[in-house]
Amino acid sequence: MTEINTIPPAILEEAMDWFLTLKARPDCRQTEEEFQAWRSRSLVHARAWEQALKTWKLLGEVPPVYEHLWRPAPSPAATPRPQRRRWKRWTAGIGVALAASTFLLLAGPSLLIRWQADHVTSTAETRTLTLEDGTVIEMGADSALATEITPSARRVTLLSGEAFFDVAHDASRPFTVNAGGVAVAVLGTAFDVQLSDNATTVELARGTVAISYDGPDHKQNFELAPGQMAAVDHKTGAVMRDAIAPEDIAAWRSGRMFVNDITVGAATERLQRYHPAWISIPDPALASRRVTGLYDLKNPDAALEAIVKPFGGRVREVTPYGRVLSRF
């Protein structure tokens, strides 16, 4: 007999599939009957369904909409038709309220960044700018930056995302890029800067850059030479340095994403800028696994599969606007 606490991956996968099927056919009696028959096969099947529900709740699903599928149904006399209509309106209202609150939660930081920015790109959009000093900036998807050009200095703040800088030489006006507290100072050079929640990464194609980090408890000062990259951890101040092939520097400009020994969560965060759907990783163990590789930004779903597959992970399409990465 299978232990209840040990749920076979195949049954967990069936439970996840049932959730998606019930979501797609909310008023289909045959589907509900088939689901109840599946769930009643064993305590393991019932436990797998509970585990699936926990995953979907992390995505903000409203339990009452599906509650009748695992709780005893009331008798017809106890639930007259008008009452059911009111229940549907009530759950629909909860859904609208949840959607609105989720929008504010997710969009709030993005709106603040856009108010601060001089230039922004949307999901999967890239853009090339030429500043008044002749510097060319290529912005990656879902990125934002602010610029300040004065007679004595040139400053750019990368507020989110990624950008490649081909800086016009001007010895009298140093060019500085600030990204998450990491400052990159140059006179004339070409380099890529990536900003994530946890780290700032710099990849140098030409020239020399001086990098400094003035965090609450950690300070760093160092230089990079062409063909080198460095990632500065915002929390610890730790610096990870490595060599990088010229063709992998700012690989996003040719529709590819290069990552070097970063977590699945961090890789997914970068890929999110090129994917129209919201991506979630409820499993912390999966999110913490580390990856190195080159991924196709033109097919973000295939890229997600390639990122998690080595760890037994799968990509679940909750809706056209939602993806869940899990190991079942």
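The rows are residues; the columns are (1) crowded, with 17+ Cβ neighbours inside 10 Å; (2) without any contact (Cβ under 8 Å) to a residue 40 or more places away in the chain.
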| position | (1), (2) |
| --- | --- |
| 174 | no, yes |
| 178 | yes, yes |
| 182 | yes, no |
| 192 | yes, no |
| 213 | yes, yes |
| 217 | no, yes |
| 230 | yes, yes |
| 240 | no, yes |
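Give me a count of the residues in the range 123-139 that are of a type outside the set (A, V, I, L, M) and either touching a residue at least 40 places away in the same chain (Cβ under 8 Å) or not assigned by TED's automatic domain parsing to the domain that holds residue 177 (or both). Walk me through how you get there before you give the answer.
Step one: filter the range 123-139 for residues of a type outside the set (A, V, I, L, M), giving 123, 125-128, 130, 132-135, 138.
Those still in the list that are either touching a residue at least 40 places away in the same chain (Cβ under 8 Å) or not assigned by TED's automatic domain parsing to the domain that holds residue 177 (or both) too: 123, 126, 133, 135, 138.
Selection size over the range 123-139: 5.
Scanning the range 22-45 for residues that are of a type in the set (Ser, Thr, Tyr) and over 18 Å from residue 12 (Cα atoms) turns up just one, 31. If you check 193, 182, 167, 186 for being among the β-branched types (Val, Ile, Thr) and touching a Leu at 6+ places or on another chain (Cβ under 7 Å), only one passes: 193.
Of the residues making up the range 162-172, just one is surrounded by 15 or more Cβ atoms within 10 Å (Cβ to Cβ), among the small types (Gly, Ala, Ser) and under 13 Å from residue 187 (Cα atoms), namely 168.
Checking each residue in the range 12-54 for being aliphatic (A, V, I, L, M), under 23 Å from residue 321 (Cα atoms) and buried (at least 19 other Cβ atoms within 10 Å of the Cβ) picks out 12, 15, 16, 52. Taking the criterion of being over 19 Å from residue 276 (Cβ atoms) and of a type in the set (Gly, Ala, Ser), the residues of the range 300-314 that qualify are 312, 313.
Of the strands (runs of 3 or more DSSP E) that lie entirely inside the range 115-161, those containing 1 or more residues that are surrounded by fewer than 14 Cβ atoms within 10 Å (Cβ to Cβ) span 127-130, 144-149. Only one entry in 263, 292 is touching a Lys or Arg at 6+ places or on another chain (Cβ under 7 Å) and of a type in the set (Val, Ile, Thr), namely 263.
The values are calculated or read from the model by the stated rules, or taken from the named source; none is laboratory data. For clarity, every value in this text was computed on a predicted model and none was experimentally measured. When we count neighbours, we look across all protein chains shown, and the Cβ atoms used for this are built from the backbone with ideal geometry, even at glycine.
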